[in-house]
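Student: Take a look at the following structure, please.
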Amino acid sequence: MRFFTNNSYICRFDWNYDQKLYKNFDIKMEKVRCLIIGGGPAGYTAAIYASRANLAPVLYEGFEPGGQLTTTTEVENFPGYPEGVNGPQMMDDIRRQALRFGADIRAGVVTKVELSGRPFKVVVNDSDEIEAEAIIIATGATAKYLGLPSEAKFRGMGVSACATCDGFFYRRKDVAVVGAGDTACEEATYLASICNKVHMIIRKDYMRASKVMQARVENTPNIEVHYLCNTQEILGDENGVTGVRLIHADGHTEEIAIDGFFLGIGHSPQTKLFAGQLELNEEGYIVTQGASSKTSVEGVFAAGDVKDPHYRQGIVAAGSGAIAAMDCERFLVSQQ
């Protein structure tokens, strides 16, 4: 096997012993200054700032272009949209703004990274190779779901994984929250402040939440806790969720009328690619230095939900994308 290289390509020649001839395979090798991995509000905003700083960013959108907000029907708490906006439309607006300033936004999934030395080595779609002087990671986090077909059917039509995002639409209505930890308790108490009644569905006979959060739930009169229950089915029609069917530990079922069904069982940060190369916390989120976006590897920055287990809001992710781009710019300037 022989290798011939130039600035753009590595050309690999394999000897075919049967046909006694060389076969040529081209593996694309591209060099970029700033590579952004992920296309949600953090990634797109990082692309806006990096483009305006003349970093010529290349952004790969991954499996879910636009991020979790593309599964949200109506967004009312993002600045600049006084009448509210459809989630996919908002993400398209931010994406087009990045394109306007020259960001190179591409379809594709980063499948391998090597962060042991600069330039960093990245593989896209298991084939294309990139060398990057700096990387901004904005791969986000995915909400954990129960896996019910009805849950997927009514997602965005009454099923939500973010009470802060969508609770407003259920004012003075009845809703349910699944989960037993601090996240579920936070969701339930927030919803209780605006909803008529909140049903907490807990599969065991106790909560996993901290004592403080348990006390908040117990002291909130319009929260009813259903212990030793699992969600068997989410009920609804063409207009959305109308109820939930619970199955109790003794086998009997119960149907409760609700308008909204909220998941409070946690999120999974999309950090599998970076395990063993970047410092992660116990939950798998990327650890950054103080208020910056700097990770444990110099020249690698993180933005959005991939580093944020607390807030998980589009506006917060967008802001952290701006921070990451500015940190990236300062780093690249320091290397000149």
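Student: I need the strands (runs of 3 or more DSSP E) fully contained in region 112-230, keeping only those with at least 3 residues that are under 22 Å from the mean Cα position of the chain (by Cα) and closer than 29 Å to Val300 by Cα. First the steps, then the outcome.
Tutor: Numbers: elements: 120-124, 128-137, 141-143, 174-178, 197-201, 223-226.
By residue number, 120-124, 128-137, 141-143.
Student: Looking at (1) within 19 Å of Ala176 (Cβ to Cβ); (2) surrounded by fewer than 19 Cβ atoms within 10 Å (Cβ to Cβ); (3) modelled with pLDDT under 95, which is the only condition Ser268 fails?
Tutor: Condition (1) is where Ser268 drops out.
Student: Can you spot a residue in region 293-309 that is aliphatic (A, V, I, L, M) and surrounded by fewer than 17 Cβ atoms within 10 Å (Cβ to Cβ)?
Tutor: Going residue by residue through region 293-309, those that are aliphatic (A, V, I, L, M) are 297, 300, 302-303, 306.
Filter once more, so that each one left must be surrounded by fewer than 17 Cβ atoms within 10 Å (Cβ to Cβ): none.
Taking every residue of region 293-309 in turn, none turns out to be aliphatic (A, V, I, L, M) and surrounded by fewer than 17 Cβ atoms within 10 Å (Cβ to Cβ).
Student: Another question, then. Answer yes or no: is there a residue in region 230-243 that is touching a His at 6+ places or on another chain (Cβ under 8 Å), more than 30 Å from Pro41 (Cα to Cα), surrounded by fewer than 20 Cβ atoms within 10 Å (Cβ to Cβ) and among the aliphatic types (A, V, I, L, M).
Tutor: No: region 230-243 contains no residue that is touching a His at 6+ places or on another chain (Cβ under 8 Å), more than 30 Å from Pro41 (Cα to Cα), surrounded by fewer than 20 Cβ atoms within 10 Å (Cβ to Cβ) and among the aliphatic types (A, V, I, L, M).
Student: Answer yes if at least one residue in region 242-249 is more than 14 Å from Ala138 (Cα to Cα), in a loop (DSSP other than H, G, I, E, B) and of a type in the set (D, E, K, R), and no otherwise. Give the derivation first.
Tutor: Of the residues in region 242-249, the ones more than 14 Å from Ala138 (Cα to Cα) are 242-249.
From the residues that got through so far, the ones that are in a loop (DSSP other than H, G, I, E, B) too are 249.
After this cut, where a residue has to be of a type in the set (D, E, K, R) as well, the list is none.
Taking every residue of region 242-249 in turn, none turns out to be more than 14 Å from Ala138 (Cα to Cα), in a loop (DSSP other than H, G, I, E, B) and of a type in the set (D, E, K, R).
Student: Out of (1) polar (S, T, N, Q); (2) surrounded by fewer than 21 Cβ atoms within 10 Å (Cβ to Cβ); (3) touching a helix residue (DSSP H, G or I) at 6+ places or on another chain (Cβ under 8 Å); (4) part of a helix (DSSP H, G or I), what's the single condition that is false for Asn77?
Tutor: For Asn77, the exception is condition (4).
Residue by residue, here is whether (1) within 12 Å of Ala47 (Cβ to Cβ); (2) surrounded by 15 or more Cβ atoms within 10 Å (Cβ to Cβ); (3) not assigned by TED's automatic domain parsing to the domain that holds Ala50 holds:
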site	(1), (2), (3)
Glu64	no, yes, no
Gly84	no, no, no
Met90	no, yes, no
Ile94	yes, yes, no
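The values are calculated or read from the model by the stated rules, or taken from the named source; none is laboratory data. Here the structure is a predicted model, which is why all the values come from computation and not from measurement. So basically every Cβ, Gly included, is an ideal-geometry build from the backbone, and we count neighbours across all protein chains shown.
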